[in-house]
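Working notes, structure below.
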Amino acid sequence: MAARRIFSLVSRSQCLPRFHPSLLHILGRDTQRGRNINKFSTAAEADELITPSVKIRYTKNLINGEFVDAASGKTFPAYDPRSGEVIAHVAEGDQEDINRAVSAARKAFDEGPWPKMTPYERSRILLRAADLVEKHSDELAALETWNNGKLYEQSANIEVPMFVRWADKIHGLTVPADGNYHVQVLHEPIGVAGQIIPWNFPLLLFAWKVGPALACGNTVVVKTAEQTPLTALFAAHLFQEAGLPPGVLNVVSGFGPTAAFTGSTDTGKIIYQLAAKSNLKAVTLELGGKSPFIVCEDADVDKAVELAHFALFFNQGQCCCAGSRTYVHQRIYDEFLEKAKAAALKRVVGDPFKKGVEQGPQIDSQQFEKILRYIRSGVQSNATLECGGDRIGTKGFFVQPTVFSNVQDDMAIAKDEIFGPVQTILKFKDNDEVIRRANNTRYGLAAGVFTKNLDTANTLMRGLRAGTVWINCFDVFDAAIPFGGYKMSGVGREKVELGLMYRL
Amino acid sequence: MAARALSRLLSRSISSSSSGVSASLLRSSLGRKSEGWTNISRFSTAAAVEELITPQVSINYTQHLINGQFVDAASGKTFPTYDPRTGEVIARVAEGDAEDINRAVSAAREAFDNGPWPKMTAYERCRILLRFADLVEKHNDEIAALESWNNGKLYEQAAKAEVPMFVRLFRYYAGWADKIHGLTVPADGDYHVQTLHEPIGVAGQIIPWNFPLLMFAWKVGPALACGNTIVLKTAEQTPLTALVVAKLLHEAGLPAGVLNIVSGYGPTAGAPLASHMDVDKLAFTGSTDTGKTVLELAARSNLKPVTLELGGKSPFIVCEDADVNKAVEIAHFALFFNQGQCCCAGSRTFVHERIYDEFLEKSKERALRRVVGDPFKKGVEQGPQIDSKQFEKVLRYIKSGIDSNATLECGGGRLGSKGFFVQPTVFSNVQDDMLIAKDEIFGPVQTILKFKDIDEVIQRANATRYGLAAGVFTKNVSTANTMMRALRAGTVWINCFDVFDAAIPFGGYKMSGIGREKGIYSLHNYLQVKAVVTPLNNPAWL
C-alpha cells in the first residue's frame, strides 16, 4: 500500500535492531560501499552527472482538467540544482491564471459532480490515484530528484501519503440540548481551498495539503514553488486519470508573493495579511523553525551523534523542522563534538542520483548564497568552525557539511533558520536551563530529546513549546501524527484528524 | 435551574402552542400576561421615557483589573459610560492604552509561565469555575440590572435569560476542564505516539457591547477551562459588568494575573492587544471590517491564530407550507430581539409568494404592537439602541430603504427626543440589491422579500459575503433537509431561531468569521496539539 511504503523511509530509521539508524542505511547502502565514494565529491565528479531517464511531459498549468498555457503565454525556467542548468520551461501563472483556476474550482464546487458524489466514490477515486502514483513512483522520484536535488533513493522510497480513507469517515455529531430540541452538527467541505506549497518536499507537501482537502470534498487550486513545479503536475495528471472530475484539482505554476522562501515565517505573515485584507479566509500556516535537539548527560553519545547529524543534515538541511540547535550537556560535550565533527567529515556529497551519496546540492543559488552568508556570520561572531564552511566544486549548489561549536544563543546562526547543512552545537548545564533556552525563540515547530531517563523525558516533553517532540528519534512522519507549530512556526495542524478539522 | 430558565427564553418561544400566535419571547419566558399589554402604551413617548426607573445597583468597579488588582489607567485617563435610555453618563471608567495592555499582558504572561494556574490540576480549575458560577447566580439580579443599565437591553431578558445562561456556560466549561484528553496514535512502525493537548498561553480577547456578559462567557469560559491566561478588552460602550464578574471570579479562587481586563477603545487598546508579540492567541467578536483589521494586526505581528465572530445578514426563509402565524412571530423575534442588535439577526425575511401578503400584513401588525420603552419596565419589549452612533446608522439605513423604493410599512423614525429609541420598522418590496438587503443594519428594521421556489431562495440566501446563520420555516422534512445542506451558514435553525445552548457550536461561513465558539469546537481555539514520539523496543503490540 502506498501509505505503508511512504513511511518506511523516515520511520524505520530508528527502529533497526542494531545501532545504525542513519537514513543511508535504510536506503540500502552498506558501509563498505560507502568507502568507495570520495568524500566531498569534486567538480570533476559533478561533470559525470547521471542523466535521469525521465521525460518532462507536463509543464503547463492544469486548469479545469486541461493542461493549458499561461494566459500571458509566458514561461519560466526550471533548473537542475546539480548544475544550475535549465531542464524545462514552465507556464508562468499570474493573476489571470489564478482567476481561471479559481473559477474552475468554484464551478466544480458549486455545480460539479464532486460534492454530490458519495464519500465512498470520492475515496475510490483517491485510492485509484494512489495506485497510479505507486505505479509511476520511479518516474516521479527521478523527476523529483532532478528538479530538487534530493537523493533519488530518498524520493523513490517516499510515496504519496493519502488521506483517502478519511473520506467516508467524516461524521457529524448530535448534541445534547438544554431543552426540547434536536441538535445536529454537519461537517461540510469549506469550498475552494487555495494551497501554496514549498520546494523542499514538493510531493510530500502536495500530499499533506491536497489529500485532506479532497478527502473532505473541497476543490483545490495549488500554487507550486517556482523552484519545483514539475512533480505536482505529473501527480495531478495521475489524479485526473484516476477519475477526478475536471476543476476539482487545479495546479498553477509561478512565483509567490515575495522573493522569500514560500514556507518561511516572513512569507507566512504576508499571506496571512492578504487573507485578512481580502475575504477573511481561514488560513493554515506551516512555517519556519529553529528546533532544539537536546542531548542529555545520560544519552548514548554515539547514537545521539548519529541522530543529531540526521536531524540536521537530512534533505541538505532543507527541513522546516531540522534539529538546528544541537544542545549538548557539558559532561559529554567534548566527546559529542569530536564525533559530530567526524560524522560530518564522513558525509558523502555528490550527485543525488548516485548510490551511496548522502547529500545533494542545495535548491538554488539564492539559498546557496544565503547559507554561505550564515557560515560567514558564524565565523565572524566567533563561533568555532569545526569543519566544512565552503562550497564544493564550481558548478551547482553543493555545500560542505559544516559544524560550528562554541555557539552562543544570541548569534545569528543560533537564532535564524539557515535551511542548509550547518550544524550549530551549544553547551548546557541542567534541564531547567536548557528548557528555558530551547523555548527562547520565536519558533516552536519541533524538538528532539535524547535521554534514557523517563523523568527527564516527561519533564522535557511538557516543558518544550513545540508542535512535535521526538524522544530518542527524529523526523518520524507517519500520516497519523499531527504536525504543526507553536508560536511563529505556524497556525493549525496538518495530517491526521486535526488536518481534516481545519478544512471542514 | 438556570439552565432551564435560559432555554425557556430562547427555546419555548416557538414551541408553545398554548396561546396561538403569540408564543413570543416576552410572553412565554418573561411571564408577562396578555392583559398587561393593554396597560402599556405602544411606542412609549418621550413622556414615558422621562419616568425612568432608577436601577437598584451601585457601580463599584471602574478601574482596570491587572494582576488581581483594580488599578487606574497608566495615563490616569478615564472615559464616560452611558445609560442608553437617556444618553447620560453613569460612570467614568479607566481608559486603557498600549501601556495598560502591556502591563496586563505581562501579568498574564507571568501567570502562565511561572504562576500556579497551569500547574493546578484540571479538577482544581474546574472547581474554581463552578464556585464562580455559584457566585454569579447568587448575584443574578444585581448583575442583570447593571447589564441592562449600561446596555439598554430588557432587564427581564438579562435577569431571566442572559445571566442564567452565563452561569450555564461556566458550568459547561467547568465540566470540560478535566475532560480534555490527548490521543495515542497508531504508528506505521515501532513507535509510541501520543498527542498532548496543551493550553496555548496568553489569550487576547476582544468582546462587543450587544451581549457583554454572554460574550465574556463564550470567550473566557473555554480559555480558562483549557488552562490559558487572558487579557480581555471589553467594548467601550459596556465596560461595567465584566469587571463585576471578574471580581467574583477572583473571589472563587482564580489566581492573580490569570484574567486581566482592560477597558478602552478599539484603536487605542484593542489594536495593541491584537498586535502584541507576547499574546499567543486572539479571539474577537464584532464587525467584519474590524475583524479584518484585527486579523491583519495578528498577521503582521506574531502570526497568532485568530478566532473571529463577525457580522451577518442571515436569511429567514418562510416556505409556503409554513404555519403563517407562527412564522410571523418567529421572524419578528429573529429580527427584533435585543433591539435588532444580534450578529445573527434574521435580517432578510424571505417569504414564499403564496403566503407573502398574509405574512406581510401580520408582520406589520406585530411590529406595530411591539412595546418600546424603559427596559426596566415590565411588559416592555424593546429598549433603546446602544448609542448615538448606532442610532444614527439605523436611521440612515431606513432613509436608504425609502430612497431605494422599498415600501415602508411601519415605523421609520425615532421615538421621543431623549435616548436612542427607534420605532420597530418593516420594509416590504425589498430587492436583493438594495443596501437594506445587503448590509448589516443592527437595528429594529425588518426587510421582507418575496420568493418563488426553493432553488431560487437558496441561491439568493447564499448570495452574500456573510454566512453566520439561517432560519427555515417549513413542515416538510424534505424541504428542511434540502435547505439544511444547501444554506452556507454556520447555524441553521429549523422552525426556531436563536437557540443558543452551551453545547451548540456557533460561528460563520465566509466573511462571518473564522472558527467556532461554544460546544466541543470552542476548545480547539485554546489548545495546542503536541505530538510526542518515542521508539519502542520489543513492543508487545503495534
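Identify all residues within region A:45-67 that are closer than 18 Å to A:A235 by Cα and open to solvent by 50 Å² or more (accessible area, probe 1.4 Å); write none if there are none.
A:S53, A:K55, A:R57, A:K60, A:N64, A:E66, A:F67
Quick grid of which residues meet (1) in the same structural domain as B:L154 (by the TED database); (2) open to solvent by less than 70 Å² (accessible area, probe 1.4 Å); (3) touching a strand residue (DSSP E or B) at 6+ places or on another chain (Cβ under 7 Å):
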{"site": "B:V71", "(1), (2), (3)": "yes, yes, yes"}
{"site": "B:S75", "(1), (2), (3)": "yes, yes, no"}
{"site": "B:I90", "(1), (2), (3)": "yes, yes, yes"}
{"site": "B:D97", "(1), (2), (3)": "yes, yes, no"}
{"site": "B:D100", "(1), (2), (3)": "yes, yes, yes"}
{"site": "B:R103", "(1), (2), (3)": "yes, no, yes"}
{"site": "B:A108", "(1), (2), (3)": "yes, yes, yes"}
{"site": "B:F112", "(1), (2), (3)": "yes, yes, yes"}
{"site": "B:G115", "(1), (2), (3)": "yes, yes, no"}
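Kindly indicate which of B:N260, B:N228 is within 14 Å of chain A (Cβ to nearest Cβ), at negative phi and buried (at least 24 other Cβ atoms within 10 Å of the Cβ). Give the steps one after another, and end with the answer.
Values: B:N260 fails: within 14 Å of chain A (Cβ to nearest Cβ).
Result: B:N228 is the single residue among B:N260, B:N228 that is within 14 Å of chain A (Cβ to nearest Cβ), at negative phi and buried (at least 24 other Cβ atoms within 10 Å of the Cβ).
Determine if region B:449-463 includes at least one residue that is more than 14 Å from every other protein chain (Cβ to nearest Cβ), open to solvent by less than 30 Å² (accessible area, probe 1.4 Å), in a strand (DSSP E or B) and in contact with a helix residue (DSSP H, G or I) (Cβ under 7 Å, 6 or more places away or on another chain).
Yes, the conditions are met somewhere in region B:449-463.
Residues that are crowded, with 20+ Cβ neighbours inside 10 Å, farther than 26 Å from B:A463 by Cβ, in the same structural domain as B:L169 (by the TED database) and under 16 Å from the mean Cα position of the chain (by Cα): does region B:521-534 have at least one?
Among the residues of region B:521-534, at least one is crowded, with 20+ Cβ neighbours inside 10 Å, farther than 26 Å from B:A463 by Cβ, in the same structural domain as B:L169 (by the TED database) and under 16 Å from the mean Cα position of the chain (by Cα), which makes the answer yes.
Which of the residues spanning region B:481-493 are part of a helix (DSSP H, G or I) and open to solvent by 10 Å² or more (accessible area, probe 1.4 Å)? Walk me through how you get there before you give the answer.
Of all residues in region B:481-493, those part of a helix (DSSP H, G or I) come to B:481-486.
Passing the criteria: B:N481, B:T482, B:M484, B:R485, B:A486.
Among the residues of region A:477-486, count how many are open to solvent by 10 Å² or more (accessible area, probe 1.4 Å), more than 7 Å from chain B (Cβ to nearest Cβ) and either farther than 16 Å from B:G189 by Cα or in contact with a Pro (Cβ under 8 Å, 6 or more places away or on another chain) (or both).
So the count comes out to 1.
Among the numbered conditions (1) surrounded by 22 or more Cβ atoms within 10 Å (Cβ to Cβ); (2) modelled with pLDDT under 95, tell me where A:F397 comes up short.
So A:F397 meets the others, but not (2).
Kindly provide the set of residues from region A:224-259 that are β-branched (V, I, T), open to solvent by less than 10 Å² (accessible area, probe 1.4 Å) and not in a helix (DSSP H, G or I), ordered by number. Break it down stepwise before answering.
In the first step, residues of region A:224-259 are kept if they are β-branched (V, I, T); the result is A:224, A:228, A:231, A:248, A:251-252, A:258.
After this cut, where a residue has to be open to solvent by less than 10 Å² (accessible area, probe 1.4 Å) as well, the list is A:224, A:228, A:231, A:248, A:251-252.
If the condition is that a residue be β-branched (V, I, T), open to solvent by less than 10 Å² (accessible area, probe 1.4 Å) and not in a helix (DSSP H, G or I), then A:T224, A:T228, A:V248, A:V251, A:V252 are the ones that fit.
Here is a list of conditions, (1) charged (D, E, K, R); (2) over 24 Å from B:V57 (Cβ atoms); (3) open to solvent by less than 10 Å² (accessible area, probe 1.4 Å), and B:D190 meets all of them except one; can you say which number that is?
Against the list (1) charged (D, E, K, R); (2) over 24 Å from B:V57 (Cβ atoms); (3) open to solvent by less than 10 Å² (accessible area, probe 1.4 Å), B:D190 comes up short only on (3).
Scan region A:450-476 residue by residue and report those that are in contact with a strand residue (DSSP E or B) (Cβ under 7 Å, 6 or more places away or on another chain) and either more than 9 Å from chain B (Cβ to nearest Cβ) or part of a loop (DSSP other than H, G, I, E, B) (or both).
Scanning region A:450-476 gives A:F450, A:L460, A:L464, A:A466, A:G467, A:N472, A:C473, A:F474, A:V476.
Given (1) outside any loop (DSSP other than H, G, I, E, B); (2) over 30 Å from B:L52 (Cβ atoms), identify the lone condition not met by B:K475.
So the condition that B:K475 fails would be (1).
Would you mind stating whether A:A167 is open to solvent by less than 20 Å² (accessible area, probe 1.4 Å) and farther than 28 Å from A:D97 by Cα?
Numbers: open to solvent by less than 20 Å² (accessible area, probe 1.4 Å): yes; farther than 28 Å from A:D97 by Cα: yes.
When the stated conditions are applied, A:A167 passes them.
Can you name the residue in region B:295-329 that is aliphatic (A, V, I, L, M) and away from chain A (no Cβ under 14 Å) and is also surrounded by the fewest Cβ atoms within 10 Å (Cβ to Cβ) among such residues? Walk me through it before giving the result.
So in region B:295-329, the residues aliphatic (A, V, I, L, M) come out as B:295, B:297-299, B:303, B:306, B:308, B:310, B:317-318, B:322, B:324, B:327-328.
Adding the requirement that they be away from chain A (no Cβ under 14 Å) leaves B:317-318, B:322, B:324, B:327-328.
On the way: B:I317: 30, B:V318: 28, B:A322: 24, B:V324: 19, B:A327: 27, B:V328: 28.
The extreme case among them is B:V324.
Assuming A:V283 fulfils every condition listed in (1) within 11 Å of chain B (Cβ to nearest Cβ); (2) open to solvent by less than 10 Å² (accessible area, probe 1.4 Å); (3) outside any helix (DSSP H, G or I); (4) within 18 Å of A:K487 (Cβ to Cβ) apart from one, which condition is it?
Looking at each condition in turn, A:V283 falls short on (2).
Name every residue in region B:350-368 that is surrounded by fewer than 19 Cβ atoms within 10 Å (Cβ to Cβ) and among the basic types (K, R), in order of residue number.
Within region B:350-368, just B:R354 meets the criteria.
Kindly provide the set of residues from region B:265-280 that are at the interface with chain A (Cβ under 10 Å from one of its Cβ atoms) and either touching a strand residue (DSSP E or B) at 6+ places or on another chain (Cβ under 6 Å) or part of a strand (DSSP E or B) (or both), ordered by number.
The initial filter retains those residues of region B:265-280 that are at the interface with chain A (Cβ under 10 Å from one of its Cβ atoms), namely B:277, B:280.
The answer is B:D280, and nothing else.
Take residues that are among the charged types (D, E, K, R) and tell me which of the strands (runs of 3 or more DSSP E) falling wholly in region B:152-245 contain 2 or more.
Numbers: elements: B:191-199, B:202-206, B:229-233.
The strands (runs of 3 or more DSSP E) meeting that bar number zero.
Residues of region A:71-116 being under 30 Å from A:G396 (Cα atoms) and without any contact (Cβ under 8 Å) to a residue 60 or more places away in the chain, which ones? Talk me through it step by step, then tell me what you get.
Our first condition is that a residue be under 30 Å from A:G396 (Cα atoms); within region A:71-116, this holds for A:73-94.
Matches in region A:71-116: A:G73, A:K74, A:T75, A:P77, A:E85, A:V86, A:H89.
Would you say B:H250 is closer than 29 Å to B:V57 by Cβ and either surrounded by fewer than 24 Cβ atoms within 10 Å (Cβ to Cβ) or at pLDDT 95 or above (or both)?
On the way: closer than 29 Å to B:V57 by Cβ: yes; either surrounded by fewer than 24 Cβ atoms within 10 Å (Cβ to Cβ) or at pLDDT 95 or above (or both): yes.
Spelling it out, B:H250 is indeed closer than 29 Å to B:V57 by Cβ and either surrounded by fewer than 24 Cβ atoms within 10 Å (Cβ to Cβ) or at pLDDT 95 or above (or both).
Report the residue count in region B:494-512 for those that are touching a Cys at 6+ places or on another chain (Cβ under 9 Å) and either part of a helix (DSSP H, G or I) or within 8 Å of another protein chain (Cβ to nearest Cβ) (or both).
1
When region B:171-215 is examined, which residues are found to be away from chain A (no Cβ under 14 Å), out of contact with any strand residue (DSSP E or B) (no Cβ under 7 Å at 6 or more places or on another chain) and either aromatic (F, W, Y) or within 25 Å of B:G264 (Cα to Cα) (or both)?
B:Y173, B:W209, B:N210, B:F211, B:P212, B:L213, B:L214
Return a yes/no flag: does region A:484-493 have any residue that is in a strand (DSSP E or B) and not charged (D, E, K, R).
At the first step, the residues of region A:484-493 found to be in a strand (DSSP E or B) are A:490-491.
The next check asks that each one be not charged (D, E, K, R); those that pass are A:490-491.
Checking region A:484-493: at least one residue is in a strand (DSSP E or B) and not charged (D, E, K, R).
Can you tell me which residues in region A:400-439 are in a helix (DSSP H, G or I) and either out of contact with any strand residue (DSSP E or B) (no Cβ under 6 Å at 6 or more places or on another chain) or surrounded by fewer than 19 Cβ atoms within 10 Å (Cβ to Cβ) (or both)?
Looking only at region A:400-439, we keep the residues that are in a helix (DSSP H, G or I), and these are A:412-415, A:431-439.
Answer for region A:400-439, where residues must be in a helix (DSSP H, G or I) and either out of contact with any strand residue (DSSP E or B) (no Cβ under 6 Å at 6 or more places or on another chain) or surrounded by fewer than 19 Cβ atoms within 10 Å (Cβ to Cβ) (or both): A:A412, A:K415, A:N431, A:D432, A:E433, A:I435, A:R436, A:R437, A:N439.
Residues A:S324, A:S365: which one is over 17 Å from A:N148 (Cα atoms) and among the polar types (S, T, N, Q)? Please lay out each step first, then the result.
Working: A:S365 fails: over 17 Å from A:N148 (Cα atoms).
Sole residue among the options that is over 17 Å from A:N148 (Cα atoms) and among the polar types (S, T, N, Q): A:S324.
Could you grab me the full set of residues in region B:127-164 that are open to solvent by less than 10 Å² (accessible area, probe 1.4 Å) and basic (K, R)?
Once the filter is applied, which keeps residues that are open to solvent by less than 10 Å² (accessible area, probe 1.4 Å) and basic (K, R), region B:127-164 yields only B:K153.
Could you list all residues from region A:286-307 that are surrounded by 18 or more Cβ atoms within 10 Å (Cβ to Cβ) and of a type in the set (K, R)?
The answer is A:K290, and nothing else.
The values are calculated or read from the model by the stated rules, or taken from the named source; none is laboratory data. Treat the numbers as computed from the prediction; the structure is a model and nothing was measured. We place every Cβ from the backbone using ideal geometry, glycine too, and count neighbours over all the protein chains shown. Quick note on the areas: whole protein, heavy atoms, side chains included, nothing else; ligands and nucleic acids left out. Shrake-Rupley method; radii C 1.70, N 1.55, O 1.52, S 1.80 Å.
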